[in-house]
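S.K.: Would you mind keeping the following structure in view while I ask a few things?
The values are calculated or read from the model by the stated rules, or taken from the named source; none is laboratory data. Since the structure is predicted, the reported quantities are computational estimates derived from the model, not experimental observations. Please note: Cβ atoms are built from the backbone with ideal geometry, for glycine as well, and neighbour counts cover all protein chains shown. Ligands, DNA and RNA are stripped out before the accessible areas are found, and what is left, the full protein with its side chains, is counted by its heavy atoms. Shrake-Rupley method; radii C 1.70, N 1.55, O 1.52, S 1.80 Å.
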Amino acid sequence: MSDAPRTARTRSWWGWGTEAGRLTAAETADLVTRVAGLLPDHDLTDHAPPDPRALGVPEPRVAPPASLAGLCSTDPVDRLAHARGKAFRDVVRNLQGDTAHVPDLVVRPRTEQDVVDVLDWCTSSGTPVVPYGGGSSVVGGVEPRFEGPAVTLDMARLDRVLEVDPVSRAARVQAGAYGPALEDQLRPHGLTLRHFPQSFEFSTLGGWLATRAGGHFATLATHIDDLTESMRVVSPAGVGESRRLPGSGAGPSPDRMFLGSEGALGVITEAWMRLQQRPAWQRTATTTFASYDAAVAASRAIAQAGLYPANCRLLDPAEAMINAGTAVGGGLLIIAFESADHPVDAWLDRALELVTDHGGEVLATRDRSAGDPGHGDDDASRAWRSAFIRMPYQRDELARRSMIVETFETACTWDAFPTFHAAVTAAAQEAIAKVCGGQGVVTCRFTHVYPDGPAPYYGVYAGGRWGSTRAQWDEIKAAVSAAIVDHDGTITHHHAVGRDHRPGYDAQRPEPFAAALRAAKAALDPAGILNPGVLVSPR
């Protein structure tokens, strides 16, 4: 059987991104120094990842038919790299050499017919199959967390933009296209999908669709749903394709069934996606507040003013200090506008009026398209953008040093936010005090804002004990998940359900809908082979 493809740009088998993208020695030293200042009693001994070829990965328990053998890899490191996603608990298990639940085969289809053939074989043999995009799941969505054989279906070879419709501004794209490759293929047409999750470099269109991924932009097209015109999906029950339409009132939408289905109902092979012209005008402002309540109120005012900023990211004081290096009393609010059609000065000016109306101060503005630094050096927003991209690599280095560094995200209504935020923060702090002796910090930022509510994104930075950090995080996660559900938030705004969030998803969905979802699963996947354990309990 074939081995995994070898490329110069080697993905890390144990952590985020690429081996070349890891923090430099200087970056690591600076990070460790900052953490030592924050938690002076924490043991920051480095625990390097093991040699993956020395871990004794079990031999495959299943063999494909000869017709599919050329698509399959049994390489131990390839299988380890596909065994789980990129959450903190995944990284820790890899660092500790945990080889539980490794897929037996990694299958890389070259055509949609290959996908059909793989599902036919897995259905007839009763072998579970886990669809896999870029593997950036942080909720157990790509992990074969069940007993028995498993096949991982890696869609990366289906990576082309097949057709562009410049009149309607749409493109037909294969599901395995990674973010950068997708944008590279659209660039000659002067078009862009404009969907940039933090995982952009290491995630695929199919993964975005299957998880209802959220992008970088704070308003309007916040989720991949908003950019989807039609989809083509292969399930054990057959191949289905929805009609290309700008909108329709013809009953429940077939696309809505598969968006967010995480491979449990079918394998997305391609989709028509709505595109935009590339922006020509971009303006950014960084503002500060002495009061967090005032910063929240200003964020709500902007969200409800019909201005629709591309970015309206509120960092609380702890988040601003840790990831932007900026000391603020109440909050740091980064606001940005962009357009492909006209200047955006008036929009930004009105947003800044709302900031000052709520007691905020404009720290700096910047015309990014013209390269004009504007009224000041926008160091805080640039520092945060840089940290945003490097955060997962920083997380990996701290995980090696027994730190618990993880996030959880949600959404709630504006009226509920004060009570909600207090309850969730208290739950996190109480859990940290219980399992980490109080050595930790909880941060919050808004990733998206809607007229009716924000999407708060929380960070946990705590000192753990080597060998126990996964269990410690699991206890913290259970506490904050319970607080989120008990206070009417969503268990996830954009990280997806996976296996980690399924209990919270079970708690928030109405039972009649849950029954309908189980019926859909039974109709589309009668043998129950598709990604068992996500969305619905395995049979």
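S.K.: For V239, what accessible area in Å² do you get when you roll a 1.4 Å probe over the heavy atoms of the protein chains, rounding to the nearest 10?
M.R.: 80 Å²
S.K.: Right, here's the next one. Check cross-link reach from K477 to the lysines: straight Cα distance under 24 Å, and skip same-chain residues fewer than eight apart.
M.R.: Filter leaves K86, K434.
S.K.: Considering only protein heavy atoms, with the full assembly of protein chains and a 1.4 angstrom probe, order T127, T99 by accessible area, largest first.
M.R.: Details: T127 10, T99 35 Å².
Largest to smallest exposure gives the sequence T99, T127.
S.K.: With the contact rule set at Cα under 8 Å and sequence spacing of 6 or more, what percent relative contact order holds for the chain?
M.R.: 16 percent
S.K.: Going from most exposed to least, what order do E112, E511 have by accessible area with a 1.4 Å probe?
M.R.: Final ranking, largest accessible area leading: E511, E112.
S.K.: Can you put L314, L245 in order of accessible area, largest first, using a 1.4 Å probe?
M.R.: Largest to smallest exposure gives the sequence L245, L314.
S.K.: Let me ask another. Using θ = phi - 60° and the Karplus form 6.51 cos²θ - 1.76 cosθ + 1.60, what ³J(HN,Hα) does each residue of region 295-304 get, whole Hz, x for Gly and Pro?
M.R.: 5, 5, 4, 5, 4, 5, 4, 5, 5, 9
S.K.: Work out the FRET efficiency for V167 and D345 from their Cβ-Cβ distance, taking R0 = 45 Å, and round it to the nearest 0.05.
M.R.: For R0 = 45 Å, the calculated efficiency reads 0.90.
S.K.: Hey, another quick one. Heavy-atom accessible area of F217 with all protein chains present, probe 1.4 Å, nearest 10 Å²?
M.R.: Roughly 30 Å² of F217 is accessible to a 1.4 Å probe.
S.K.: Please work out the average accessible area per residue across the chain, using the 1.4 Å probe convention, and give it in Å².
M.R.: 39 Å²
S.K.: Mind grabbing the accessible area of E262 for me, 1.4 Å probe, Å², rounded to tens?
M.R.: Per-residue accessible area (E262): approximately 20 Å².
S.K.: On the accessible surface of the chain, probed at 1.4 Å, how many percent belong to carbon and sulfur atoms?
M.R.: 53 percent
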